[in-house]
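One structure is given here, and the rest of the page talks about it.
The values are calculated or read from the model by the stated rules, or taken from the named source; none is laboratory data. In this text the structure is predicted, and so the values were computed from the model without any measurement. Virtual Cβ from ideal backbone geometry, glycine too; neighbours counted across all protein chains shown.
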Amino acid sequence: MPENDLGHATQYSYELFTRQADTVFVAGQIPKIAADRILLPGRCGAEHDLRSARDSAALAARQALHWIDAACAHDEGVDRILRLTVYVALTEDFAEMSEVADAASQVFIDRHGPRGRHARSVIGVRRLPRNAPVLVEATAALRRIAPA
């Protein structure tokens, strides 16, 4: 079972990422701090304010980056982050979905600069797996890195 940098692995019948040619598709990442523990469970607008929701989105984005890196061979790197989809579990009156997703987007931009900018969708939902406040999916294009 593969593990990420925090020692978390999936126990389910799916891959954490798949690769087709030079494109990597990362499964939805929730903000886990242990294999069976969410950073802060609950919905935005109830258990989460904007700040804690953004923290959760940033953690899920860092986990997605880990799996993109794991998909790279030793002579490859990220050419471009192509797309993010950010799902936000929220109450009816929570209207700051885009601001939550901005925290995830910023992680990719901070890491990859202009190549980290991406197309994005933000989707509000009633619940997410394991009562997570956010889930981040990512797609990236890879490229060969010239030897130094």
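In the list LEU65, LEU59, which residue meets the criterion of being part of a helix (DSSP H, G or I), in contact with a Pro (Cβ under 6 Å, 6 or more places away or on another chain) and of a type outside the set (S, T, N, Q)?
LEU59
Would you confirm whether or not segment 112-124 contains a residue that is polar (S, T, N, Q), surrounded by fewer than 23 Cβ atoms within 10 Å (Cβ to Cβ), more than 12 Å from the chain's Cα centre (by Cα) and assigned to a helix (DSSP H, G or I)?
No: segment 112-124 contains no residue that is polar (S, T, N, Q), surrounded by fewer than 23 Cβ atoms within 10 Å (Cβ to Cβ), more than 12 Å from the chain's Cα centre (by Cα) and assigned to a helix (DSSP H, G or I).
Just checking, which of ALA140, ALA89, ALA103 is in a helix (DSSP H, G or I), crowded, with 19+ Cβ neighbours inside 10 Å and aliphatic (A, V, I, L, M)?
Of the residues listed, the single one that is in a helix (DSSP H, G or I), crowded, with 19+ Cβ neighbours inside 10 Å and aliphatic (A, V, I, L, M) is ALA103.
Out of the residues in segment 3-29 meeting the condition of being at pLDDT 95 or above and of a type in the set (Ser, Thr, Tyr), tell me which one is surrounded by the most Cβ atoms within 10 Å (Cβ to Cβ).
THR23
Taking the conditions exactly as written (in contact with a His (Cβ under 9 Å, 6 or more places away or on another chain) and charged (D, E, K, R)), does ARG51 satisfy them or not?
No, not satisfied.
Being at pLDDT 95 or above and over 12 Å from the mean Cα position of the chain (by Cα): is that true of LEU65 here?
no
Take the conditions modelled with pLDDT under 95, out of contact with any His (no Cβ under 8 Å at 6 or more places or on another chain), not acidic (Asp, Glu) and not in a loop (DSSP other than H, G, I, E, B) and apply them to ARG130. Does it pass?
It is true that ARG130 is modelled with pLDDT under 95, out of contact with any His (no Cβ under 8 Å at 6 or more places or on another chain), not acidic (Asp, Glu) and not in a loop (DSSP other than H, G, I, E, B).
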